[in-house]
Structures are given as structure tokens and as C-alpha cells.
Amino acid sequence: MLGGLFESAPEPAASPRGGALGFSFNQDGSCLAIGTRDGFRVYGLQPFARAFSSKGGGQKLAEMLGCSSLICLVGAGEAPALSPRCLRLYDLRARKVLTEVSFAAAVNKVVLNRSRLAAACPGAVYVFDLRSMECLRALDLAAESAAGALSAETPTPGNAADARGRRPHSPADSHLMVLSSESARNPCLLATPTTFTGEILLFDTIRLRTVHKFIAHKTP
């Protein structure tokens, strides 16, 4: 828990290079994590107070696990040690990196709960067991669009629409991703776009299978 982490020092003046690069709430909305050009910060919201700050280099993503001391960081790429292709699990209380995972491409989005962590790179989503950080499944979003699609037709090449009017789009949209919380009644469902415009994939991260695909909209 974050109870012993809250800092009594006044909020430091904003650095000219300390602009926010990314921010996110934790799962219950009680904390806010902000990645900045010179580090990252964590704030408690009930009441509002700074819980943690670090100036160890630019972080473009900062995602907390509930009210625990675990936070997931992705660097802004301003130094080799802060590569956007490297995901780090950091212990706020111990002030140290617990583990890190490297990818072939930049990590655009990270979501996690008590059991699973998912990292989105252009065109792919990687599902990990949070406890061991073993990669359980690498989802190729283009293959997911083609295999087991909404109908049996084969997607057409290029930018042409298929028989249902679906059109390919840039895989950069893979940064749009959410992961449900784990409960006894509900699986850990991951929702992410495929490489077809408007198509959403629902993936069961416990049973490691696709649950459903549907068209949410017709525009990028």
C-alpha cells in the first residue's frame, strides 16, 4: 500500500523540461501516475497529495497496480537506458527496478491487473503473467483480423474493403487497449482494436482465447 510513501516536502517547481508525457489513474481511481520528461510522479487523490516522485529520466508511460507499490514504466527514449522498447516494473517502496522486458518495437500502451499485464506495440499485443512475467501469448493483430473473423471471407489486400466493408488501418492504433479487473465471476478480458478499422477484439487473458470480435464504428 502507499500509506508510508507520501512525501511531506512541498511540491517542487515545474521544470522547463518536466512536461507531462502520459498519465493514468490506477484501477480504483485513488491515485494518478504521471510520466514526465525528467521522470515520473504519483499522487494520491483522497486527499490530494504527492506520494512519490523520481527524476531518473523521461518516462512516457506510468501505470500503477491498484494502491500497491508496483508501477510499470516505459521510457521516453531520450537516453539508451530509457528506451521506449523496454518495459520496467518498479517498486516505489524499495525504489528499484524489479524486472524489465525488451521488445522489438516501441511500447505504446500498458495495462495490468493482479494477474495479467498486456503491452501493446505497433501491430501486436503481448500478454504476460504478472507474477512471473512469462509471456503467455503474442497477439498478431493482423492475423487476429483474418483468422476467425466476423465472417468466413478472406481480407482483401491493400486498403480495399472486404465483403463486410472492413478496411485495414494503421497498427499504431494498438495503443487503444483496456483490461478488465479479475474476479471469481468474470475473466480478465482484454479489449483492443485489430488492424481493421472499427474492429474490436475481446481476448480472455486467463484461458488465452479470443472471446469475440465486433465492429464498433466505421471510421479510424
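The values are calculated or read from the model by the stated rules, or taken from the named source; none is laboratory data. Quantities reported herein were computed from a predicted structural model and do not represent experimental measurements. All Cβ positions, even for glycine, are placed from backbone atoms using ideal geometry, and neighbour counts span all protein chains on display.
Is it the case, given these coordinates, that Gly56 is of a type outside the set (Asp, Glu), assigned to a loop (DSSP other than H, G, I, E, B) and out of contact with any strand residue (DSSP E or B) (no Cβ under 8 Å at 6 or more places or on another chain)?
Against the criterion (of a type outside the set (Asp, Glu), assigned to a loop (DSSP other than H, G, I, E, B) and out of contact with any strand residue (DSSP E or B) (no Cβ under 8 Å at 6 or more places or on another chain)), Gly56 does not qualify.
Which one is farthest from Gly57 (Cα to Cα), of the residues in the range 19-42 that are small (Gly, Ala, Ser) and crowded, with 16+ Cβ neighbours inside 10 Å?
Result: Ser24.
Look through the range 167-206, keep the residues that are part of a loop (DSSP other than H, G, I, E, B) and at pLDDT 90 or above, and return whichever of them is surrounded by the fewest Cβ atoms within 10 Å (Cβ to Cβ). Even if it seems obvious, please write down each step before you answer.
Applying the first criterion (part of a loop (DSSP other than H, G, I, E, B)) to the range 167-206 yields 167, 169-170, 176-177, 180-188, 194-195, 197-198, 205-206.
Restricting the remaining residues to those that are at pLDDT 90 or above gives 177, 180, 188, 205-206.
Numbers: Met177: 19, Ser180: 17, Cys188: 21, Thr205: 26, Ile206: 14.
The residue in question is Ile206.
Would the range 12-28 turn up any residue that is at pLDDT below 95, touching a helix residue (DSSP H, G or I) at 6+ places or on another chain (Cβ under 6 Å) and not hydrophobic (A, V, I, L, M, F, W, C)?
Scanning the range 12-28, I find no residue that is at pLDDT below 95, touching a helix residue (DSSP H, G or I) at 6+ places or on another chain (Cβ under 6 Å) and not hydrophobic (A, V, I, L, M, F, W, C), so the answer is no.
Name the strands (runs of 3 or more DSSP E) wholly within the range 89-165 that hold at least 1 residues that are touching a Gly at 6+ places or on another chain (Cβ under 7 Å), at pLDDT below 75 and within 30 Å of Tyr43 (Cβ to Cβ)?
none
Looking at the range 94-107, I want the residues that are assigned by TED's automatic domain parsing to the domain that holds Phe128 and have a partner that is part of a loop (DSSP other than H, G, I, E, B) and loosely packed, with under 12 Cβ neighbours inside 10 Å with Cβ atoms under 9 Å, at least 6 apart or on another chain. Which pairs are those?
none
Can you tell me which residue among Val97, Val101, Val127, Val107 is of a type in the set (Val, Ile, Thr) and farther than 26 Å from Gly56 by Cβ? First the steps, then the outcome.
Details: Val97 fails: farther than 26 Å from Gly56 by Cβ; Val101 fails: farther than 26 Å from Gly56 by Cβ; Val107 fails: farther than 26 Å from Gly56 by Cβ.
Within the list Val97, Val101, Val127, Val107, the selection yields Val127.
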